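Q: Just dropping this structure here.
The values are calculated or read from the model by the stated rules, or taken from the named source; none is laboratory data. Just so it is clear, the structure is predicted and the values come from calculations on it, not from any experiment. Cβ coordinates were reconstructed from backbone atoms using ideal geometry, including for glycine residues, and neighbour counts include every protein chain displayed. Accessible surface areas use protein heavy atoms only, side chains included; no ligands, DNA or RNA. Shrake-Rupley method; radii C 1.70, N 1.55, O 1.52, S 1.80 Å.
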Amino acid sequence: MFDLKDLYQEVIVDHNRSPRNFHRMADANRIAEGFNPLCGDRLTLYMRVNDHGAIEDVSFEGSGCAIFTASTSLMTERLKGKTEAEAQSIFNGFHDMAVSDVDAPVDSATMGKLSALAGVREFPSRVKCATLCWHTMTAALANTGETVKTE
Ligand code: ZN
């Protein structure tokens, strides 16, 4: 029988093993750093946003646990070509999913591959591993220059 959980597990293993867009970006115009002291996850997020507010490119460097790496990799894939407003809206949906009840339905039509991270709902301490990159994305777009900490 088709098991959604196995599929989700596969996506996380794959993105952890070979993270997408994992490199420094020389011509980034938005950069932010994030740190999750609870787990030790840390990243530098690079974005290039054009004059129309569209995200042309996203990449990252960093190290951390499998959930963090897979989540960040999936986020970079998802954000390319989106506007800043769309990026924020995807983050809102992702955050809602990550902190929802374990039995709540996942809107996989909207979330797409990001649904793979729904499993963190069962492990509240891992929610920060999954959302660190998204908080860092918000900081990068705001250009605050401050390191994002989950604590
Ligand atoms: Zn972590």
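Q: Being open to solvent by 20 Å² or more (accessible area, probe 1.4 Å) and part of a helix (DSSP H, G or I) is the filter here; which residues of the range 128-151 pass it? Steps first, answer last, please.
A: Step one: list which residues in the range 128-151 are open to solvent by 20 Å² or more (accessible area, probe 1.4 Å), which gives 128, 135, 138, 141-151.
If the condition is that a residue be open to solvent by 20 Å² or more (accessible area, probe 1.4 Å) and part of a helix (DSSP H, G or I), then K128, H135, T138, L141, A142 are the ones that fit.
Q: Could you tell me whether R48 is away from the ligand (no atom under 16 Å from the Cβ), open to solvent by 30 Å² or more (accessible area, probe 1.4 Å) and in contact (Cβ under 8 Å) with a residue 40 or more places away in the chain? Give the derivation first.
A: Numbers: away from the ligand (no atom under 16 Å from the Cβ): yes; open to solvent by 30 Å² or more (accessible area, probe 1.4 Å): yes; in contact (Cβ under 8 Å) with a residue 40 or more places away in the chain: no.
No, not satisfied.
Q: Right, here's the next one. Among (1) away from the ligand (no atom under 14 Å from the Cβ); (2) at pLDDT 95 or above; (3) under 18 Å from K128 (Cα atoms), which single condition is V58 missing?
A: (3)
Q: Would you mind finding the one in V106, V120 that is part of a helix (DSSP H, G or I) and not polar (S, T, N, Q)? Even if it seems obvious, please write down each step before you answer.
A: Numbers: V106 fails: part of a helix (DSSP H, G or I).
Answer to the check: V120.
Q: Report, by residue number, each residue of the range 108-151 that is of a type in the set (S, T, N, Q) and within 15 Å of the ligand (Cβ to nearest atom).
A: Of all residues in the range 108-151, those of a type in the set (S, T, N, Q) come to 108, 110, 115, 125, 131, 136, 138, 143-144, 147, 150.
Of everything in the range 108-151, those that are of a type in the set (S, T, N, Q) and within 15 Å of the ligand (Cβ to nearest atom) turn out to be S125, T131, T136, T150.
Q: Then there's this: Would the range 82-98 turn up any residue that is within 16 Å of the ligand (Cβ to nearest atom), free of Cβ contacts under 8 Å to residues at least 60 places away in the same chain and of a type in the set (V, I, T)?
A: Taking every residue of the range 82-98 in turn, none turns out to be within 16 Å of the ligand (Cβ to nearest atom), free of Cβ contacts under 8 Å to residues at least 60 places away in the same chain and of a type in the set (V, I, T).
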